[in-house]
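Some notes on the structure that comes next.
The values are calculated or read from the model by the stated rules, or taken from the named source; none is laboratory data. All of these numbers come straight from a predicted model, not from anything done at the bench. Don't worry about glycine lacking a Cβ; one is built from the backbone with ideal geometry, like all the others, and counts go over all protein chains shown. Quick note on the areas: whole protein, heavy atoms, side chains included, nothing else; ligands and nucleic acids left out. Shrake-Rupley method; radii C 1.70, N 1.55, O 1.52, S 1.80 Å.
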Amino acid sequence: MVTQYAFFFDAAACSGCKACQVACKDRNDLGPGTLWRRVYEVTGGGWEKKGQVWVPSVIAYNVSMACNHCENPVCGAACPVKAIWKREDGIVFVDTDLCIGCRYCEWACPYTALRFHAATNTVSKCDFCYDAVDAGKPPACVAACPRRALDFGDLADLRKKYGDLRHIHPLPDPEQTGPALVLRPHRDAARAAERGAEVANWEEV
Amino acid sequence: MLKEWPLVAFTVAGQTALGLFLVAGLPLFFSRGGAADAPARGSRLAVLLAALGLMAAASFVSFFHLHHPFRAVRVLANVRTSWLSREVLFELGFMALLAVLAFLLWTGTGGEGLHRGLFAAAGASGVLFVWSMSKLYMLKAVPAWDHAYTPVSFFLTAVLLGALTAAAFSGAFRPGGSSALKPLLAACLVLVAAAFLWALLTAPVHGIFGARPPASLTPPGGASSALYAARLIVLVLGSLALAAAIWRESSAPALGAKAGLAAPVGLAWVLVLIGEVLGRFHFYGQVGRP
Ligand code: SF4
Ligand code: SF4
């Protein structure tokens, strides 16, 4: 039995095509400006002098990120009306009939997973395509990725398969929330922080 | 940033209410000989009603930041872990105690001990209200808010605007002034200076001198250094108005406070209020929403 559903993301494989982001919007009928899965373009660096030679030190990779259905969902701890709750299989839900729309959880989540949704006039977020998953199918984002950069499953199984990396730049310290997330880093990620890499596509995410 | 106006109004008004209650109320309730003779009772009642009015206004305006205000009846559901629930709990407690105390004074019920006890309980609830309000913003996900900057700024606003409101009340409504007015004005001047220094001291961490927050998934906020600079200028102007009031008080006490002090103290109050409101917009502007 699944005790904690989780996503896997392979930053080395991701091309930044955003098929996952669009598949999520399409499946959940999200209007303009509401994104449950976002693809962040992380860029930095430039040129570096090595001896007498200038070599490129450009950082460029993508991070596809939705809600991480954290083991310690700080969003739910912050919510005054208990509108955010965690199912037995680890999926974290927002009850849009309870949410008062104070948007406090938006500030509390370090992954900015909670997004205001005009249709319900409340916050909203990735629900792991729970109905598809319950029916034995993959979440829409996982199914849509042409490079198989996304996977899903029980956190323990994903760790066995891919290792237990939960952090690459510029993600928050995983100790904050215990994200149910397994990552494979892009080769640029190791030096991204020291080269001052940042998200470059704020308008999009 | 400007969208957060209900939170700006709520936090500034709520903090002012606590500050006014403490600064004006403490001497009225706890000074020796301040027992409930008729004028003292009137002053006590005035302070309680002013604080209660401010709290009521703050509570009303806070509903404007909710997208489903009518569902807010459940807002105390998560007192166990949510600082937002706790803030509302102490907000309601503060208001209820203010109302009970005002009622007792109004009807002349209860002895001095009961009144002082209720004052202390209301004060504790009010302090916990502003403390919860601070903790609410001290989120690990928001490094700009997650340190002493938040509670110090909030309590400073409370004491500063509370003292100035008390001074404005005495300056405007008490012909002949009160003997306590001059030290109160001096205290206000010190507090404005403290707010000014605090803003300068925290500036490097809060993105004013070009310091940028660490890279994260949170988009940059809209806090502008122009807003920050405007706040400092307004605070300086406010302190000049206060200095003018103190000078008038010292040089011509015979003028009578009503004629001589209402204008500079009122002006100082308006300027410092504007300064605190600008500062609060800047506070919210430090954190972006996607
Ligand atoms: S990623 Fe954010 S919204 Fe999702 S469970 Fe964790 S804290 Fe909550
Ligand atoms: S916006 Fe809704 S889900 Fe988020 S903290 Fe407020 S009530 Fe809870």
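The H on the amide N of A:F152, modeled in the peptide plane, is under 5 Å from the matching H of A:F8, each at least 5 residues off or on a different chain.
Quick check on chain B: helices-only [θ] at 222 nm, where DSSP H runs of length 4 and up contribute -39,500 (n - 2.57) each and the sum goes over total residues. Nearest 500, please. All intermediate terms of the calculation are to be shown ahead of the outcome.
Details: 8 runs with 205 residues, N = 290.
Using -39500 (n - 2.57) per qualifying helix, the result is -25000 deg cm²/dmol.
What residues does segment B:259-290 have that are buried by at least 30 Å² of accessible area in the full protein assembly compared to the chain on its own, 1.4 angstrom probe? At a threshold of 30 Å² (probe 1.4 Å), the residues of segment B:259-290 that become less exposed are B:R289, B:P290. If R0 is 41 Å, the Cβ-Cβ spacing of A:A143 and B:V152 corresponds to a FRET efficiency of close to 0.25. Taken residue by residue and averaged, Cβ atoms of other chains lying within 10 Å of the Cβ of A:96-109 number 6.
Based on protein heavy atoms only, segment A:65-156 ends up with 35 Å² per residue of surface accessible to a 1.4 Å probe. Computed across the protein assembly as shown, the Kirkwood radius stands at 25.3 Å (inverse of mean 1/r, all Cα pairs). Computed 3J(HN,Hα) for segment A:125-132, one whole-Hz value per residue from the Karplus formula 6.51 cos²θ - 1.76 cosθ + 1.60 where θ = phi - 60°, is 6, 4, 10, 6, 6, 4, 5, 5, glycine and proline marked x. In order along segment A:11-25, phi translates into HN-Hα couplings of 5, 6, 8, 5, 9, x, 6, 6, 4, 5, 4, 6, 4, 5, 4 Hz, rounded to whole numbers, per the Karplus curve 6.51 cos²θ - 1.76 cosθ + 1.60 with θ = phi - 60° and x for Gly and Pro.
Residues of segment B:63-83 whose accessible area, computed with a 1.4 Å probe over protein heavy atoms, drops by at least 20 Å² once all protein chains are present relative to their chain alone are B:H65, B:L66, B:H67, B:H68, B:R71, B:R74, B:V75, B:A77, B:N78, B:T81, B:S82.
Which whole-number percent gives the relative contact order of chain A, counting Cα pairs below 8 Å spaced six or more residues apart?
Working: 409 pairs, mean separation 68.9, N = 205.
Relative contact order comes out at 34 percent.
Once all protein chains are placed together, A:E48 keeps about 50 Å² accessible to a 1.4 angstrom probe.
The B:T107 and A:Y162 beta-carbon pair, evaluated with R₀ = 56 Å, returns a calculated FRET efficiency of approximately 0.20. For chain B, the equivalent ellipsoid derived from the Cα gyration tensor has semi-axes of 33, 26, 14 Å, listed largest first.
Total Å² of accessible surface buried at the A-B contact, 1.4 Å probe, nearest 100?
Details: alone 10340 and 14230 Å², together 21470 Å².
Summing both sides, the interface buries roughly 3100 Å².
When the expected Rg is taken as 2.2 N^0.38 Å, what fraction or multiple of it is the alpha-carbon Rg of chain A?
Numbers: Rg = 17.5 Å, N = 205, 2.2 N^0.38 = 16.6 Å.
After normalising by residue count via 2.2 N^0.38 Å, the value is 1.05.
Nearest 5 percent is fine: what portion of the DSSP beta bridges confined to the protein assembly as shown is antiparallel? Don't jump to the answer; show the numbers that get you there.
Numbers: 25 of 29 bridges.
Taking every DSSP beta bridge within the protein assembly as shown, about 85 percent pair in antiparallel fashion.
What's the carbon and sulfur percent of segment A:91-148's accessible surface, probe 1.4 angstrom, rounded to a whole number? Could the numbers behind the result be given before it?
Working: 1040 of 2080 Å².
Heavy-atom surface of segment A:91-148 belonging to carbon and sulfur, 1.4 Å probe: 50 percent.
Each residue of segment B:103-118 was assigned a 3J(HN,Hα) from its phi angle through the Karplus curve 6.51 cos²θ - 1.76 cosθ + 1.60 (θ = phi - 60°); the sequence is 4, 4, 5, 4, 8, x, 8, x, x, 4, x, 5, 4, 5, x, 5 Hz, with glycine and proline shown as x.
Accessible area per residue, 1.4 Å probe, Å², for chain B: what's the number? Display every interim value, and only then the final one.
Values: 12640 Å² over 290 residues.
About 44 Å² of surface per residue is accessible.
Going by accessible surface with a 1.4 Å probe and the largest first, A:W107, B:W247 read B:W247, A:W107. Distance between the 7 Å Cα→Cβ label points at B:A124 and B:L227: 3.7 nm.
For chain B, the relative contact order works out to 23 percent when only alpha carbon pairs closer than 8 Å and six or more residues apart are counted. For B:R41, the accessible surface of its heavy atoms amounts to roughly 90 Å² (probe 1.4 Å, protein chains only, rounded to the nearest 10). In loop segments of segment B:49-141 as defined by DSSP, the trypsin sites (Lys or Arg not before Pro) with at most 13 further C-beta atoms inside 10 Å of their C-beta are B:R80.
To put it simply, the accessible area of segment B:61-173 at a 1.4 Å probe is 74 percent carbon and sulfur. Accessible area per residue (1.4 Å probe, heavy atoms of protein chains only) ranks B:M138, B:M133 as B:M138, B:M133, with the largest value leading.
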